[in-house]
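The values are calculated or read from the model by the stated rules, or taken from the named source; none is laboratory data. Note that the coordinates shown come from a computational prediction; the quantities given were computed from them, not determined experimentally. Cβ placement follows ideal geometry from the backbone for every residue including glycine, while neighbour counts extend to all protein chains displayed. SASA here: full protein model, heavy atoms, side chains in, ligands and nucleic acids out. Shrake-Rupley method; radii C 1.70, N 1.55, O 1.52, S 1.80 Å.
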Amino acid sequence: MIYLGADNIISSLGFTTEECWNALLQSQSGLRTLQNAQLYSQPFVGGKIDDERLQILVSEQNLTNFSRFEQLLILSIRQTLAQSNLDVSQPDCGLILASTKGNISLLSAENETSDELFLSHSAEKVSGYFGFSTQPIIVCNACISGVTGMIVAKRLIENGTYKHVVVAGGDELSQFVVSGFHGFKSVSADICRPYDASRDGLSLGEAFGSVLIASNLNLGVYTKKPTALLGGSATNDSNHISGPSRTGEELHFAIENAIRQAKLTSQDISFINAHGTATAYNDEMESKALYLSLLSKTPMQSLKSYFGHTLGASGVIETIICKKQLETDIILGIPTFETIGTPHPLNIASEHRNLKLNFGVKTASGFGGCNAAIVLGNGVGDRKTSEIQTKSELKIATTCRIDTSGVALNNEFLLAKETVDDFFAFIRKAYKQLDLEYRKFYKMDDLSKLGFIATAYLTRNIKDFTEFQPEKKGIVMANRSASLDTDINYRRNLDEVGEQEASPAIFVYTLPNVMLGEICIYWKMKGENTFFIQREFDKSFLMQYAEIMMSEQDLKYCIVGWCDLLGSDFEAEMYLVEKE
């Protein structure tokens with residue numbers, strides 16, 4: 001059994017889980033009109049952490065040498081560890097950081113490539129502060145990052161890599177993020193209204209959360225009704241890089257896989273905490289997915305009208321609130337909800353409900369077409385949920401390497417990069433050599449182009465790869481700089497034309513996993529996809545994780561590897577792994 005133990009939430013509602021929970025019980029929202037020119041020139045509704053209170057804590061804990069992003073992570077993890085007797089210096093203890101943008105508020109014309117802009121830098125500073133002896137693991141998978149982080153933790157505990165993992169998630173409000181979502185015309189003028197007929201967009205928020213995930217009930221603070229992490233799965237829509245699936249099938253696959261892994265059925269689920277951003281297409285898609293999963297009549301909720309959409313933190317803090325609901329048998333209402341506005345009816349209430357709760361499903365979706373679902377539930381007793389997986393025989397079918405010297409496939413050199421060629425000229429030559437006809441290629445950012453071309457070489461000799469069953473193909477990728485190359489381009493665009501005119505076409509690529517979305521769309525891949533950030537390419541970890549994932553999710557193929565690009569430097573080393 002994998003348990004959720006001690007935890008902490010820092011948000012616009014408070015600096016502890018209990019403060020936030022008590023505010024939720026009173027139907028109090030942390031969203032309000034923000035007038036902060038450093039975030040956006042116009043007033044907007046959002047959830048902001050109390051900076052005055054933060055500065056008091058920073059001074060008390062002597063955290064002035066850390067960025068605001070790092071300070072909030074440390075303060076959250078510190079409270080979680082204070083509730084447990086965990087020795088983080090032991091080699092069986094891990095740290096997973098989930099975030100979409102990290103220190104993006106530090107990106108400026110004068111500061112474009114300093115080490116502090118890399119998520120690995122922040123993770124190492126936070127890890128070093130607490131004395132973790134293991135290398136921190138960083139998940140950067142858009143808005144499913146927090147949920148994905150918990151799936152990763154569960155798997156690494158089950159396969160014996162760790163006994164205990166601290167999963168922390170966080171993202172700040174910044175001009176970069178706020179302007180980007182306004183550019184998409186997706187921000188509501190008022191507190192968001194998930195699933196309501198009058199919903200008109202999301203509300204942004206910032207939050208940081210951490211939770212101890214462990215196989216030992218004695219390590220953290222537990223109630224008489226401990227919560228276990230029973231199942232988890234992720235999928236890709238293979239549809240659009242910024243718009244959700246039209247059918248909801250792919251989120252349904254993730255939910256179905258997670259419930260099956262937990263050895264439950266849809267009838268066992270007591271409640272659902274869904275993503276519920278209050279955008280037109282997200283909420284529509286979720287209603288279809290829940291209908292396909294036979295969960296339309298199950299009590300459900302979104303927490304976005306309380307916290308706002310907190311990006312990489314959302315999966316962590318919302319899972320912690322799911323844990324509180326399971327402990328107290330309370331399902332929180334959506335205070336802004338009045339009239340259902342989705343294609344399929346959903347069991348939503350504006351008021352809190354007292355019901356007997358045993359098992360809950362938490363879902364998340366994000367840019368790049370990614371979806372994730374976990375199942376939480378009553379952890380009393382010795383309830384075995386996962387069968388021991390028989391290791392499958394895997395082989396590396398093909399290997400592709402692309403760097404500043406050229407392209408090599410299975411160690412055979414196929415295309416040289418001329419000295420006079422810049423990246424665009426070189427990658428265009430590769431595109432023509434592959435004889436591709438895909439006009440969307442030219443709209444991609446450079447990181448996506450690199451990953452796309454590497455995948456094209458990797459799969460070119462695999463008969464019927466594109467038409468093979470979509471749910472049986474997955475991706476595990478990593479890089480060092482996340483989407484920093486495109487972040488810099490968006491920041492320059494923002495500085496040049498202003499926040500009202502900044503390009504949403506650039507902003508959509510300011511997440512590294514969008515590269516995976518582009519690959520999934522073209523090659524029709526709907527299986528699990530995960531993006532890690534590493535300071536250096538750790539092939540053995542990625543291969544190990546891919547093996548676990550392929551076995552658990554019954555995948556036939558998995559693309560595994562490294563794809564990094566920053567300025568004129570680029571490197572892709574990718575492997576097509578096949579289950580025999």
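Can you give the Kirkwood hydrodynamic radius of the range 274-419 from its Cα pairs, in Å with one decimal? Please report the intermediate quantities before stating the final value.
Values: mean 1/r = 0.0532 Å⁻¹.
With all distinct Cα pairs of the range 274-419 included, I get 18.8 Å.
How far, in nm, would the chain grow between Asn62 and Gln83 when pulled straight, counting 0.36 nm per residue and subtracting the alpha carbon separation?
Numbers: separation 21, 0.36 × 21 = 7.56 nm, distance 2.07 nm.
Roughly 5.5 nm would be gained on extension.
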Q. How many nm is it between the label spots at Gln90 and Gln500, if each spot is 7 Å from the Cα in line with the beta carbon?
A. 5.9 nm
Q | 10 Å-binned pair-distance histogram of the range 114-200 (Cα, whole percent) | A | 13, 33, 29, 18, 7, 0
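Given 25 °C and 0.890 mPa s, compute D for the range 1-118 with the Stokes-Einstein relation, Rh being the Kirkwood radius over Cα pairs; round to the nearest whole µm²/s.
Values: Rh = 16.8 Å.
The diffusion coefficient I find is 146 µm²/s.
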Q. With all pairs of different alpha carbon atoms counted, what Kirkwood hydrodynamic radius in Å does the range 65-156 show?
A. 14.0 Å
**Q.** Nearest-0.05 FRET efficiency for Lys225 and Leu25, computed from C-beta distance (R0 22 Å)
**A.** 0.80
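Just to be sure I understand: of the beta bridges DSSP finds with both ends in the chain, what percent are antiparallel, rounded to 5? The partial results should precede the final answer.
Working: 71 of 101 bridges.
That works out to approximately 70 percent antiparallel.
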Q) What does the charge dipole of the range 381-522 about its Cα centre add up to, to the nearest 20 debye, if the Cβ of each Lys and Arg holds +1 and the Cβ of each Asp and Glu holds -1? A) 520 debye
Q | Signed unit charges on C-beta, dipole axis of the range 146-243, positive-most listed residue Ile213, Ser203, Gly149 | A | Ile213
Q: Take the range 399-442, drop everything but the C-alpha atoms, weight them equally and run the Debye formula without solvent; then report log10 I(q)/I(0) at 0.14, 0.17 Å⁻¹ to two decimals.
A: -0.33, -0.48
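Determine the dipole magnitude for the chain: charges of +1 sit on the beta-carbon of Lys and Arg, -1 on that of Asp and Glu, nothing else is charged, the reference point is the Cα centre, and the result goes in debye to the nearest 20.
On the way: 52 positive and 69 negative charges, 292 e Å.
My answer is approximately 1400 debye.
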**Q.** Where only C-alpha atoms are counted, convex hull volume of the range 501-541 per residue in Å³
**A.** 99 Å³
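Kirkwood hydrodynamic radius of the range 141-286 from all distinct Cα pairs, in Å? Display every interim value, and only then the final one.
Details: mean 1/r = 0.0568 Å⁻¹.
Evaluated on the range 141-286, it is 17.6 Å.
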Q: State the percentage of accessible surface on the range 275-340 attributable to carbon and sulfur atoms; use a 1.4 Å probe and exclude ligands, DNA and RNA.
A: 56 percent
Q | the range 523-580, Cα convex hull volume normalised per residue, Å³ | A | 100 Å³
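Write down, largest first, the equivalent ellipsoid semi-axes of the range 1-43 in whole Å, where each equals the square root of 5 times an eigenvalue of the alpha-carbon gyration tensor.
Values: eigenvalues 171, 40, 12 Å².
Working from the Cα gyration tensor, I get semi-axes of 29, 14, 8 Å.
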Q. Which number comes out as Rg/Rh for the range 187-260 once both Rg and the Kirkwood Rh are worked out on C-alpha atoms?
A. 1.08
Q. For the range 165-218, what is one quarter of the convex hull surface built on the Cα atoms, given in nm²?
A. 5.9 nm²
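R0 = 56 Å: FRET efficiency of Gln469 with Thr33, Cβ-based, nearest 0.05? Each step should come with its number before you reach the end.
Numbers: r = 49 Å, r/R0 = 0.87.
It comes out at approximately 0.70.
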Q.
Let's test the formula: R0 of 60 Å, r as the Cβ-Cβ distance of Asp422 and His344. What FRET efficiency results, to the nearest 0.05?
A. 0.75
Q: Using the heavy atoms of the protein chains and a 1.4 angstrom probe, tell me the accessible area per residue for the range 88-135 in square angstrom.
A: 36 Å²
Q.
Once ligands and nucleic acids are excluded and a 1.4 Å probe is used, how much of Ser314 is accessible, expressed in Å² to the nearest 10?
A. 0 Å²
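Which links in Lys185/Lys440; Lys323/Lys473; Lys125/Lys154 stretch past 26 Å when you go from one Cα to the other? Before the final figure, lay out each step's value.
Working: Lys185/Lys440 23 Å; Lys323/Lys473 32 Å; Lys125/Lys154 24 Å.
Pairs exceeding the cut-off: Lys323/Lys473.
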(Q) On a straight-distance basis, which lysines could pair with Lys324 in a cross-link, Cα separation under 17 angstrom, same-chain partners fewer than 8 positions away excluded? (A) Lys224, Lys225, Lys304, Lys356, Lys362
Q) What aspartates and glutamates could a cross-link reach from Lys297, if we take a straight Cα to Cα line under 13 Å and drop same-chain neighbours fewer than 8 places away? A) Asp268
**Q.** Reachable aspartates and glutamates, given that their alpha-carbon falls under 15 Å from the alpha-carbon of Lys539 and they are not under 8 places away in the same chain
**A.** Glu547, Asp564, Glu571, Glu573
(Q) Using the Cα atoms of the range 405-493, I'd like the radius of gyration and the largest Cα-Cα distance, Dmax, both in angstrom. (A) 14.7, 43
Q. How far, in nm, would the chain grow between His240 and Leu294 when pulled straight, counting 0.36 nm per residue and subtracting the alpha carbon separation?
A. 16.9 nm
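Taking every eigenvalue of the Cα gyration tensor of the range 438-485, multiplying by 5 and rooting it, what semi-axes result, largest first, whole Å? Please list the in-between numbers first.
On the way: eigenvalues 100, 43, 20 Å².
Output for the range 438-485: semi-axes of 22, 15, 10 Å.
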Q: Rounded to the nearest 500, what is the 222 nm mean residue ellipticity of the chain from helices alone, with -39500 (n - 2.57) per DSSP H run of 4+ residues and division by all residues?
A: -9500 deg cm²/dmol
Q) Over the range 427-580, what is the mean sequence separation of C-alpha contacts under 8 Å (at least six apart), divided by residue count, expressed as relative contact order in percent? A) 32 percent
Q: Could you pull the Rg and Dmax for the range 431-580, using just the Cα atoms, both in Å?
A: 15.9, 53
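State to the nearest 20 debye the size of the charge dipole of the range 237-290 about its Cα centre, where the only charges are +1 on K and R beta carbons and -1 on D and E beta carbons. All intermediate terms of the calculation are to be shown ahead of the outcome.
Values: 4 positive and 8 negative charges, 28 e Å.
Magnitude of the dipole: close to 140 debye.
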Q. Binned at 10 Å from 0, what are the whole-percent values of the Cα-Cα distance distribution for the chain, short to long?
A. 4, 19, 31, 28, 15, 4, 0
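Going by accessible area, probe 1.4 Å, with all protein chains left in place, what is the ranking of Glu437, Glu124, largest first?
Values: Glu437 165, Glu124 65 Å².
The most accessible residue leads, giving Glu437, Glu124.
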